[in-house]
């Protein structure tokens, strides 16, 4: 099948060709025709399957063939995404594919000054791409009118629920007109996703192009057993000896991402960290440097990496396994995208063997493992000799306390952060 068989207009076909694409992916081939019909859609697709174009292309066509361009901050289509990076990616797709159409788009998210966004909204917008919290900020300030939304897209709905956006989503839904087309895209289907879909979608067409909670078949997976204290040396060796020019590395924590990026730099490997404590400018610069291969290694946390779209990214490394098995699938889905081949490597310490077993149960297969000379997991005796991790409060009371907030202050700050999750500051 080719794109011109999907019923897309000439302007969109020209833009698709300019992007170098000739054949639609499975999700595009199945979703585009039913979205063009005006039906609600529940789509299950792993990351990297081309789902962004799967809803962007028909959305652009429907808006360009129905109704009139609006004046002012009253968008006709709303795309909700969980993170700034994904919002920026979707916004870029809208601009690229809509280059030949007289439609205006705008991306809004938190972590940056709201005033320039207000000015751009006032000039008029047909398609709005937003994170939930910043969208609600604008709605609260009356700088945005959502009563004219004809098409709603919830992108990566599973991640939005994981991040605690369900209440913000419900608040947004109350601001939308009852009559509209709804498109819900999710990499995984949980009971919560089904409940959300049942409350939003009207007789939806269901599209699912990959088995639930499975990794892309084009990704080769490999485990290296290694002690925690040896991981940094092994990672540097793999990057150096393999002459890897582009590798995305996952850590569990923001602090761990910062530390590892600095260590890799000291090993002579250009690296940058990307996570929620980084400013938007720093995150944008790090991602741009990585895409342009000026930075060889991007070290990221799970949430910050959501929405990173790198064509033909060759390597993903789990420096630490995720606590949730499904997140492993999301992580390695950054490579092997849209049919391209990729490699996912996990550095697994003895303490992470249980996490590895959980991932293998989810995948329903064992991941190949290879021991490298000079590297090994800790023995049970070595693990037993490790000092037990202290409770967070005790660590704070033992020196360096002047540099940290007290427990009560910190809990208040965490509570405020939870209440503001929708701002896109993730």
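Bear in mind these aren't lab numbers, they're just calculated from the coordinates by the rules spelled out. Remember, it's a predicted structure, so these values are computed and weren't measured experimentally. All Cβ positions, even for glycine, are placed from backbone atoms using ideal geometry, and neighbour counts span all protein chains on display.
Observations, loosely collected:
- Rounded if a/c under 1.5, otherwise prolate or oblate - the range 155-270, Cα gyration tensor axes: prolate
- Kirkwood hydrodynamic radius (C-alpha pairs) into Stokes-Einstein, the range 3-208, 25 °C and 0.890 mPa s, D in µm²/s: 145 µm²/s
- Applying 1/(1 + (r/R0)^6) with R0 = 30 Å to the Cβ-Cβ distance of residue 21 and residue 293 gives a FRET efficiency near 0.85.
- The fraction of all Cα pairs in the range 234-288 landing in successive 10 Å bins from 0 to the largest distance is 22, 55, 21, 1, given as whole percents.
- Each distinct pair of alpha carbons in the range 107-155 adds a 1/r term; the inverse of their mean, the Kirkwood radius, is 11.3 Å.
- Each Cα pair of the range 219-385 feeds into the Kirkwood radius, which the Stokes-Einstein equation turns, at 37 °C and 0.692 mPa s, into a diffusion coefficient of 204 µm²/s.
- Extension gain from residue 369 to residue 175, taking 0.36 nm per residue of separation minus the Cα-Cα distance: 64.7 nm
- Percent breakdown of C-alpha pair distances by 5 Å bin, ordered from the shortest bin, for the range 14-103: 2, 12, 22, 27, 22, 11, 3, 0
- Put simply, when 371-383, 316-328 are sorted by average Cβ atoms within 10 angstrom per residue, most first, you get 316-328, 371-383.
- Coarse-grained scattering of the range 73-134 at q = 0.19, 0.23 Å⁻¹, given as base-10 log I(q)/I(0) from a Debye sum over alpha-carbon atoms: -0.65, -0.95
- Mean Cβ neighbour count within 10 Å, used as a protection proxy, ranking 220-229, 141-150 highest first: 220-229, 141-150
- Distance from the range 217-295 to the range 80-109 (C-alpha centre basis), Å: 27 Å
- Relative packing of peptides 56-64, 278-286 - highest average C-beta neighbours within 10 Å first: 56-64, 278-286
- Length gained when the stretch residue 229-residue 120 is fully extended (0.36 nm per residue, less Cα-Cα span): 34.3 nm
- Under Stokes-Einstein, with the Kirkwood radius over Cα pairs as Rh, the value for the range 113-221 at 10 °C and 1.306 mPa s is 101 µm²/s.
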